[in-house]
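The values are calculated or read from the model by the stated rules, or taken from the named source; none is laboratory data. None of the values given here were measured: they were computed from a predicted structure. Quick reminder, even Gly has a Cβ in these numbers, built from the backbone with ideal geometry, and neighbours come from all protein chains shown. These accessible areas exclude ligands, DNA and RNA; they are computed on the full protein's heavy atoms, side chains included. Shrake-Rupley method; radii C 1.70, N 1.55, O 1.52, S 1.80 Å.
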Amino acid sequence: MSEESQMDTLAYSSRMLSWAPLGKLLLVIVVLVVNILTRSMVVPIITLAIGLILMAYSTNFKIPLFIGLAIAEGILILVIGAGLISVTGSDSSPVIWETNILWFKIHMTVDSFNTAWNVFLRSIAGITVMISFATSTPIPHLSQALRQLHMPREVCELIVLIYRYGFLLLERMESMWNAAHCRMGFNGFTNKIKTAAAIAVGIFTSSSNLADKAQIALSCRNYQGVFPVYNAPPKVGVKWVVLVIAIGVIIYYIGINTLGVVNMAEIFFGKDVVG
């Protein structure tokens with residue numbers, strides 16, 4: 001099954017499919033904005049809990065393999081970034097660990113350690129919330145829902161076309177990658193660089209030809225510039241707006257009243273180190 005089919009199957013089988021797409025999008029935006037605006041570490045934890053609950057309710061944590069690999073790669077980047085933040089503290093905060101490794105100076109302080117955890121938790125929480133939205137909202141439903149915001153029809157249809165066309169390019173890249181691998185194109189570091197560059201150039205040059213073929217296929221299927229959706233998604237109403245705003249206000253209120261409650265440096269190293 002292709003990546004596109006996996007995403008569509010997952011979205012159409014989600015328990016959150018009957019929720020208004022704009023309502024889910026508004027919820028994600030509000031939660032992410034509040035997550036960024038507040039400095040309390042309690043808010044990212046609450047946001048992470050919301051994202052995990054939504055993912056569990058929507059798909060029981062079932063995600064396609066390529067999405068899982070992308071998440072794993074993102075988490076690895078976050079771990080490296082948070083690690084760098086934690087060891088580049090200033091002298092204005094109590095020192096937890098200070099040493100020199102080769103030509104790098106390690107200077108971990110209480111503030112830098114807490115900041116690193118705050119960034120990491122915020123990012124992970126944002127990923128879970130966005131994944132819960134992506135795995136429960138088919139692109140045609142989102143395109144139809146955007147018309148409620150009086151977005152031009154051409155823009156809504158372009159969203160669907162770009163989504164479909166992107167997976168076509170991905171399938172073409174996988175075919176070229178497998179063909180190069182079968183011909184020992186990745187044998188050695190130099191060959192890997194040359195083969196990867198050749199695949200990138202090939203994808204770029206073949207995208208125009210692929211677009212022409214896609215247009216012919218659409219014309220053969222009587223495409224008139226509109227992707228019909230026979231089971232239209234529900235529209236967002238006042239109840240959705242009130243509920244989302246209430247959730248945002250509650251989380252923000254919790255954030256401004258729990259500043260400093262969670263101290264990761266104290267949890268990991270004790271009160272003596274934090275001082």
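Segment 228-257 and segment 174-227 have Cα centres spaced 40 Å apart.
With Rh defined as the Kirkwood radius, the inverse of the mean 1/r over Cα pairs, the Rg/Rh of segment 25-182 is 1.09.
Summarised as an ellipsoid, segment 1-54 has semi-axes of 27, 13, 10 Å, derived from the eigenvalues of the Cα gyration tensor scaled by 5 and square-rooted, with the largest first.
Relative to the longest principal axis of the Cα atoms of the chain, helix 21-37 runs at roughly 30 degrees. In a fully extended conformation the segment linking Tyr57 and Met130 would gain 24.9 nm over its present Cα-Cα distance, using 0.36 nm per residue. Just the protein heavy atoms count here, and of the accessible area of the chain at 1.4 Å, carbon and sulfur take up 68 percent. A 1.4 Å probe run over the protein chains yields, for the chain, 60 Å² of accessible area per residue, whole-number rounding.
Available extension along the chain between Leu243 and Val119 is 41.9 nm, counting 0.36 nm per residue and deducting the alpha carbon span.
Between the entries (1) 1.06; (2) 1.29; (3) 0.98, the label attached to Rg/Rh (Cα atoms, Kirkwood Rh) calculated for this structure is (1).
What does the C-alpha gyration tensor say about the overall shape of segment 66-106? Classify as rounded when a/c is under 1.5, otherwise prolate if a/b is larger than b/c, or oblate. Prolate.
Once the chain from Asp212 to Ile101 is taken as fully extended at 0.36 nm per residue, the excess over their C-alpha distance is 34.4 nm. Annotation for segment 78-128: chymotrypsin sites (Phe, Trp or Tyr not before Pro) lying in DSSP loop with at most 13 further Cβ atoms inside 10 Å of their Cβ are Trp103.
Taking the dipole about the Cα centre of segment 44-167, with the C-beta of Lys and Arg at +1 and of Asp and Glu at -1, give me whichever of Ser86, Gly126, Ser58 is farthest to the positive side. Ranked along the dipole, the leading option is Ser58.
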